[in-house]
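Shown next, in structure tokens, is the structure this report addresses.
The values are calculated or read from the model by the stated rules, or taken from the named source; none is laboratory data. All figures in this text were calculated on a predicted structure; none of them were measured in a lab. With ideal geometry, Cβ positions are generated from the backbone for all residues, glycine too; neighbour counts draw on all protein chains shown.
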Amino acid sequence: MIEGSTDSEIFFFLALTFGLEEDPPDAVARAVGLIEETGRRHGTEHPIQMTVATTEGDTLWAFRYSSEGRSRSLFHSTDVSTLRAQYPDNPVLHELSDDARLVVSEPLGDLRGAWREVPESTCVVVRGGREELREFSPTHVSSPRAVLGWPGAAHRTRSGRGRCGGPGLPRRSPCGPGE
């Protein structure tokens, strides 16, 4: 249930609806696709500008994307020990494991090599002290009624382009209206 009216809460609800708990990259790709299509249908040329992250406790997925292709910045740390050396009095950094990574909108400090920018239209996957960059693009859906299962919507499956996928990950198709 949505209790507020912020764009973040609506986005989170859409991602949950599209399976965020089962397949975060696909859910985010479908939510972004729906937002873009809905926005453009209502005359918004560039409906989304986002840096977004989610985790289930072991893996972190962070996304940088905008409809315009010029997102706000997103960075991830390369090595916590480098940050500890720069900020020896910061107790939080000393509580992190050596394989931890930080994801931030702007790098903290000027320490060369401590931060790596996440490229535009990219998902960074952080797991077990390693990070992997994957191309991200929305999965376009053509009807919010069909996707969200609203009454009166015809359903058919169509192949979708996009998601933050990789080898061995399931590929899902969005629902679209019968045409």
Flag for Leu20 being of a type in the set (A, V, I, L, M, F, W, C), buried (at least 20 other Cβ atoms within 10 Å of the Cβ) and over 20 Å from Arg134 (Cβ atoms): no
Subset tally (residues that are charged (D, E, K, R) and farther than 17 Å from Glu68 by Cα) for the stretch 8-58: 8
Filter result for Thr59 (of a type in the set (Val, Ile, Thr), under 11 Å from the mean Cα position of the chain (by Cα) and loosely packed, with under 15 Cβ neighbours inside 10 Å): no
Selection count, the stretch 1-25, where residues are out of contact with any strand residue (DSSP E or B) (no Cβ under 9 Å at 6 or more places or on another chain), of a type in the set (A, V, I, L, M) and assigned to a helix (DSSP H, G or I): 3
Every pair of residues 6+ apart whose Cβ atoms lie under 9 Å, when the first sits in the stretch 90-101 and is more than 17 Å from Val126 (Cα to Cα) while the second is among the charged types (D, E, K, R): Asn90/Arg84; Leu93/Arg84; His94/Arg84
Which numbered condition Pro25 misses (of (1) modelled with pLDDT under 95; (2) of a type outside the set (S, T, N, Q); (3) in contact with a Cys (Cβ under 6 Å, 6 or more places away or on another chain)): (1)
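A quick yes/no check of all residues on (1) under 23 Å from Ser8 (Cβ atoms); (2) loosely packed, with under 12 Cβ neighbours inside 10 Å; (3) acidic (Asp, Glu):
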residue: Ala27; (1), (2), (3): yes, no, no
residue: Ile35; (1), (2), (3): yes, no, no
residue: Arg40; (1), (2), (3): yes, no, no
residue: Ser67; (1), (2), (3): yes, no, no
residue: Asp98; (1), (2), (3): no, yes, yes
residue: Glu106; (1), (2), (3): yes, yes, yes
Residue in the stretch 115-131 that is touching a helix residue (DSSP H, G or I) at 6+ places or on another chain (Cβ under 9 Å) and modelled with pLDDT under 55 present: no
